[in-house]
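Visitor: Take this structure first; my questions come after.
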Amino acid sequence: MAKTFCIANQKGGVGKTTTAVNLAAGLVAQRQRVLLVDLDPQGNATMGSGIDKSTIKSGVYHVLIGIASASEAIQFASESGYSVLPANRELAGAEVELVDLEGREARLKNALNEVADQYDFILIDCPPALSLLTLNGLCAANGVVVPMQCEYFALEGLSDLVNTIKQVHANLNPDLKIIGLLRVMFDTRVTLQQQVSEQLNTHFGDKVFKTIIPRNVRLAEAPSFGLPGVIFDKSSRGAQAYIEFAGEMVQRIKTM
Ligand code: ATP
Ligand code: MG
């Protein structure tokens with residue numbers, strides 16, 4: 001039975017998708033069977049895994065509104081090495097359509113139940129909002145991985161996310177917990193980043209992953225080739241960091 005994790009942060013452009021695709025590829029390198037769910041209408045995780053979002057017949061939208069099953073919509077991203085439940089712009093409509101549907105927060109969870117025994121890990125790339133889509137992700141997950149940049153406002157945004165996770169834990173999904181905070185796009189030369197990083201360690205202790213993802217241009221270049229950085233340039237510093245992070249995730253869930 002798969003363990004399911006949301007990659008979430010309501011802030012935009014903090015490295016959620018980069019983390020989702022590279023963690024997926026890093027876990028594959030550790031012989032894990034991985035499904036990546038793209039829960040963002042931008043479809044970046046879909047494209048970044050090598051699946052053209054304009055060619056999708058069924059995706060997570062169809063699964064959420066109940067006109068396709070997960071197994072019908074899932075595609076194997078052969079170069080990346082994992083399966084993808086893809087998304088495109090159509091998914092934006094789900095936000096409105098879900099409101100009137102029964103069990104609107106639990107629709108992704110129910111759909112994924114059907115395929116959960118085929119994977120070791122299911123990763124969900126969330127959109128940059130605390131929306132009904134993200135809520136579906138949080139309801140379906142055992143835990144949340146929060147990528148964050150070590151900047152001044154990062155901590156402020158974190159409290160909204162932590163409160164949402166607490167509410168989902170209390171009302172919808174007693175399983176849910178924060179697995180860890182992942183420092184991304186890190187530049188050791190920037191004093192402020194080091195200070196915020198220390199603050200994170202002080203406030204959140206062992207909830208902060210040991211691995212730090214550096215700012216690395218190879219990670220940013222990889223999506224235009226439809227590949228995770230870990231596959232595109234395995235020897236780059238960014239790829240190596242995500243491979244190390246995948247190892248840390250595997251260890252961490254052993255103790256869950
Ligand atoms: P959104 O909120 O729009 O979904 P996101 O949180 O998923 O964004 P990404 O798309 O992963 O963020 O990253 C934002 C930008 O930063 C992208 O251009 C990505 O290539 C780049 N980026 C992410 N991580 C790194 C890194 N470690 N080093 C350099 N560039 C990075
Ligand atoms: Mg994204």
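The values are calculated or read from the model by the stated rules, or taken from the named source; none is laboratory data. This one's a predicted model, so the numbers in the text were calculated from it and none came from an experiment. Cβ atoms come from the backbone with ideal geometry, glycine included; neighbour counts cover every protein chain shown. These area figures cover heavy atoms from the full protein model, side chains too; ligands, DNA and RNA do not enter into them. Shrake-Rupley method; radii C 1.70, N 1.55, O 1.52, S 1.80 Å.
Visitor: Only one of these is touching a residue at least 12 places away in the same chain (Cβ under 8 Å) and within 16 Å of ligand 1 (Cβ to nearest atom): A129, A111. Name it.
Guide: Numbers: A111 fails: within 16 Å of ligand 1 (Cβ to nearest atom).
The unique qualifying residue is A129.
Visitor: Within the range 13-21, is there a residue that is of a type in the set (V, I, T) and either away from ligand 2 (no atom under 16 Å from the Cβ) or free of Cβ contacts under 8 Å to residues at least 12 places away in the same chain (or both)?
Guide: We begin by selecting, within the range 13-21, every residue of a type in the set (V, I, T); these are 14, 17-19, 21.
Next cut, either away from ligand 2 (no atom under 16 Å from the Cβ) or free of Cβ contacts under 8 Å to residues at least 12 places away in the same chain (or both) only: none.
No, the range 13-21 has no match at all.
Visitor: Then there is this: In the range 24-52, which residues are of a type outside the set (V, I, T) and away from ligand 2 (no atom under 13 Å from the Cβ)? Walk me through it before giving the result.
Guide: Here is the first cut: in the range 24-52, the residues of a type outside the set (V, I, T) are 24-27, 29-33, 35-36, 38-45, 47-50, 52.
Matches in the range 24-52: A24, A25, G26, L27, A29, Q30, R31, Q32, R33, L35, G50, D52.
Visitor: So which strands (runs of 3 or more DSSP E) stay within the range 1-107 end to end and still have 3 or more residues that are more than 16 Å from ligand 1 (Cβ to nearest atom)?
Guide: Details: elements: 3-7, 34-38, 75-77, 82-85.
In the range 1-107, 75-77, 82-85 are the strands (runs of 3 or more DSSP E) which contain 3 or more residues that are more than 16 Å from ligand 1 (Cβ to nearest atom).
Visitor: Taking the range 227-256 as the region of interest, how many residues are part of a loop (DSSP other than H, G, I, E, B) and touching a Phe, Trp or Tyr at 6+ places or on another chain (Cβ under 9 Å)? If you could, list the steps in order and put the result at the bottom.
Guide: Narrowing the range 227-256 to residues part of a loop (DSSP other than H, G, I, E, B): 227-228, 233-236, 255-256.
From the residues that got through so far, the ones that are touching a Phe, Trp or Tyr at 6+ places or on another chain (Cβ under 9 Å) too are 228.
Qualifying residue count for the region: 1.
Visitor: Only one of T191, T211, T202 is among the hydroxyl-bearing types (S, T, Y) and in contact with a strand residue (DSSP E or B) (Cβ under 9 Å, 6 or more places away or on another chain). Can you tell me which?
Guide: Details: T191 fails: in contact with a strand residue (DSSP E or B) (Cβ under 9 Å, 6 or more places away or on another chain); T202 fails: in contact with a strand residue (DSSP E or B) (Cβ under 9 Å, 6 or more places away or on another chain).
Testing whether each residue is among the hydroxyl-bearing types (S, T, Y) and in contact with a strand residue (DSSP E or B) (Cβ under 9 Å, 6 or more places away or on another chain) leaves just T211.
Visitor: If you check L91 against the conditions, is it of a type in the set (A, V, I, L, M, F, W, C), more than 16 Å from ligand 2 (Cβ to nearest atom) and open to solvent by less than 10 Å² (accessible area, probe 1.4 Å)?
Guide: Details: of a type in the set (A, V, I, L, M, F, W, C): yes; more than 16 Å from ligand 2 (Cβ to nearest atom): no; open to solvent by less than 10 Å² (accessible area, probe 1.4 Å): yes.
Taking the combined requirement at face value, the residue does not satisfy it.
Visitor: Which members of the range 198-226 meet the condition of being part of a helix (DSSP H, G or I) and buried (at least 21 other Cβ atoms within 10 Å of the Cβ)? Before you say what the answer is, go through the steps one by one.
Guide: Of the residues in the range 198-226, the ones part of a helix (DSSP H, G or I) are 198-207, 217-225.
Across the range 198-226, the qualifying residues are L219, A222.
Visitor: Are there any pairs, at least 6 apart or on different chains, whose C-beta atoms fall under 7 Å, with the first in the range 78-93 and among the charged types (D, E, K, R) and the second open to solvent by 40 Å² or more (accessible area, probe 1.4 Å), and if so, which?
Guide: Partner pairs satisfying both residue conditions: E79/G50; E79/I231.
Table: residues versus (1) surrounded by fewer than 24 Cβ atoms within 10 Å (Cβ to Cβ); (2) among the basic types (K, R); (3) out of contact with any Gly (no Cβ under 8 Å at 6 or more places or on another chain).
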| residue | (1), (2), (3) |
| --- | --- |
| M1 | yes, no, yes |
| K11 | yes, yes, no |
| T17 | no, no, no |
| A20 | no, no, yes |
| R31 | yes, yes, yes |
| P41 | yes, no, yes |
| G48 | no, no, no |
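Visitor: Hey, another quick one. Tell me the residue from N142, N113, N136 that is of a type in the set (S, T, N, Q) and in contact with a strand residue (DSSP E or B) (Cβ under 6 Å, 6 or more places away or on another chain), please.
Guide: Details: N113 fails: in contact with a strand residue (DSSP E or B) (Cβ under 6 Å, 6 or more places away or on another chain); N136 fails: in contact with a strand residue (DSSP E or B) (Cβ under 6 Å, 6 or more places away or on another chain).
Just one listed residue meets the conditions, N142.
Visitor: In the range 152-197, which residue that is outside any helix (DSSP H, G or I) and of a type in the set (K, R) is most open to solvent (accessible area, probe 1.4 Å)?
Guide: So in the range 152-197, the residues outside any helix (DSSP H, G or I) come out as 152-153, 172-190.
Imposing the further condition that a residue be of a type in the set (K, R) reduces the set to 177, 183, 189.
Working: K177: 85, R183: 17, R189: 195 Å².
Checking each candidate, the answer is R189.
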